[in-house]
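This report concerns only the one structure given below.
The values are calculated or read from the model by the stated rules, or taken from the named source; none is laboratory data. Small disclaimer: the values here were computed from a predicted structure and weren't measured. Note that we place each Cβ from the backbone using ideal geometry, even for glycine, and neighbour counts take in every protein chain shown.
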Amino acid sequence: MLKVAESPKKLHILAADDTGAAEKNIIQKDLGILDDFGVLVEYKGNGSGEYKMPHLLFHTSGGDKIIFVVGYGNKRKWKDALGGQYGCLYIDEINTADIEFVREAAMRSDYLMATLNPDDPGLDVYKEYINCSRPLPEWADETPKEIMDELQEEPKPGWVHWFFSFAHNLGLSKEKLDQIMTNTPKGTKIWKNKIQGLRGKATGLIFSNFERSKHVITVKQAKAFVKDSNNNHQTEWFMYFSAGLDTAYSQKSPDTISMSFIGITNKGTCIVLDEKVYNNAVLGTPLAPTDTVRNFIDFLERNRQEWGFTRDTFIDSADQATITEFLKYKRLNGCIYNFNDAWKKEQIIDRINNQLNWFADAGSQPCFYIVDTCKNYIHELEVYSWLEDKDNTPEDKNDHMVNSVQYAWLPYEVKIGIGRRKA
């Protein structure tokens, strides 16, 4: 509202899902606009004078300002509302807004402020707007690392990211805050989204018990499992390495060519050590199966030197064209690696169930971890979901690294979690 008062423009926009939501959550609530600004603001819910749309009339020292109240949930109405240029734009819960509205309204405004609740980090609004902002240096430490890791798009000058949790809500008494904390079960999606303020789809998530704080480790932590023949006190080390490859060559979709490298210890701990992902839709020169052969062998060699040697690798058996190229390469050049069809006899639901079990504490600790450099796999674990209209069927997207990792561990499934079974 202070930005509106400072603006030389008369017309501004306040947007929510609909006018009812704007009235309830922003305009008329306790500590809302009318409560805070009193006689300086009049709400014209049915319009008035030359402005037939719902609006706020804001009396300032620079003259009266008009703040249109727009519902982005109705495309026809917001299309009618947007015309000309505006001073300030406020969007409530921008993560739920029509992205076309966000783009057009932002283009027409001098100043944009938006609130959002944590949501699916794959939404366009994150890539195009939220992740282009950065916290001010003095507040960066209050932003969770999980969110800082997502703020990786090209920064826009003057775009500031503010992180607020319930602790920052001075409108809540300590008693009310304690009640909210008590009534929200820890470890649930609502705890993650609402209490911790972390991103992730709120419903339908497949790997619902995956938590970065619990299952993501550093390269240094993973290195502790590399066999050290000079360390007589080492009790756990990598016994098996494996690699998986899932392929998709489309130039018109976010589908990817996904490579994974995993290690399994003598005590049954499985760690996803490395990944490499290509998307033909964003590459200047799209990859063909012959390119994938070279790239995958380079990936295997890099990890052989970094972690250890896996002789057997496992490739999406549905992509016989790529497998044929691998066999051709080995026949013509010789190669230390075996390129096998992925073992898919185990149903996807059973694979998911296994990983949910491995992520679980099981009375002690998980037995499945991911190195923090595997950002694509971590992202998929946080968004891979059940179909909304068939809650027993996984969606056919956000799963290429998921598939790749499964191809890698499937032949060694009985080796994972053996330490927990013995205990």
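Condition first: at positive phi and either touching a strand residue (DSSP E or B) at 6+ places or on another chain (Cβ under 7 Å) or surrounded by fewer than 19 Cβ atoms within 10 Å (Cβ to Cβ) (or both). Can you find one or more residues in the range 260-275 that meet it? No, the range 260-275 has no match at all. Where residues in the range 276-296 are among the charged types (D, E, K, R) and surrounded by 14 or more Cβ atoms within 10 Å (Cβ to Cβ), which of them is nearest to Thr235 (Cα to Cα)? It comes out as Lys276. In the range 358-401, the qualifying residues are those that are out of contact with any strand residue (DSSP E or B) (no Cβ under 9 Å at 6 or more places or on another chain) and among the polar types (S, T, N, Q), and the one that is surrounded by the fewest Cβ atoms within 10 Å (Cβ to Cβ) is Ser364. Against the definition (under 18 Å from Cys374 (Cβ atoms) and assigned by TED's automatic domain parsing to the domain that holds Asn398), how does Gly268 come out, yes or no? Criteria not met by Gly268. Can you confirm whether the range 161-170 contains a residue that is out of contact with any helix residue (DSSP H, G or I) (no Cβ under 9 Å at 6 or more places or on another chain) and at positive phi? No, the conditions are met nowhere in the range 161-170. Restricting attention to the range 173-197, the residues that are under 15 Å from the mean Cα position of the chain (by Cα) and either under 24 Å from Leu387 (Cβ atoms) or at pLDDT 70 or above (or both) total 3.
Of all residues in the range 12-26, none are farther than 16 Å from Asp92 by Cα, assigned by TED's automatic domain parsing to the domain that holds Gly63, surrounded by fewer than 18 Cβ atoms within 10 Å (Cβ to Cβ) and not aliphatic (A, V, I, L, M). Counting the residues of the range 3-17 that are of a type in the set (D, E, K, R), within 32 Å of the chain's Cα centre (by Cα) and not in a helix (DSSP H, G or I) gives 1. Taken across the range 114-129, residues that are of a type in the set (Phe, Trp, Tyr), in a loop (DSSP other than H, G, I, E, B) and within 30 Å of Leu11 (Cβ to Cβ) do occur, with at least one present.
Of note, Arg351 does not satisfy the criterion of being of a type in the set (D, E, K, R), at pLDDT below 90 and crowded, with 18+ Cβ neighbours inside 10 Å. Kindly evaluate Phe314 against the criterion of being farther than 16 Å from Gln406 by Cβ and in contact with a helix residue (DSSP H, G or I) (Cβ under 8 Å, 6 or more places away or on another chain). Judged against the criteria, Phe314 is not a match. Against the conditions (1) surrounded by fewer than 20 Cβ atoms within 10 Å (Cβ to Cβ); (2) touching a residue at least 40 places away in the same chain (Cβ under 8 Å), Glu100 satisfies every one except (2). Restricting the range 345-375 to residues that are in contact (Cβ under 8 Å) with a residue 40 or more places away in the chain and closer than 22 Å to Ser317 by Cα, the residue that is farthest from the chain's Cα centre (by Cα) is Glu346.
Among the residues making up the range 313-360, those that are in a helix (DSSP H, G or I), of a type in the set (Val, Ile, Thr) and under 25 Å from Glu301 (Cα atoms) are Thr322, Ile323, Thr324.
Collect the residues in the range 29-61 that are hydroxyl-bearing (Ser, Thr, Tyr) and either part of a loop (DSSP other than H, G, I, E, B) or modelled with pLDDT under 95 (or both), keeping them in residue-number order. Across the range 29-61, the qualifying residues are Ser48, Tyr51, Ser61.
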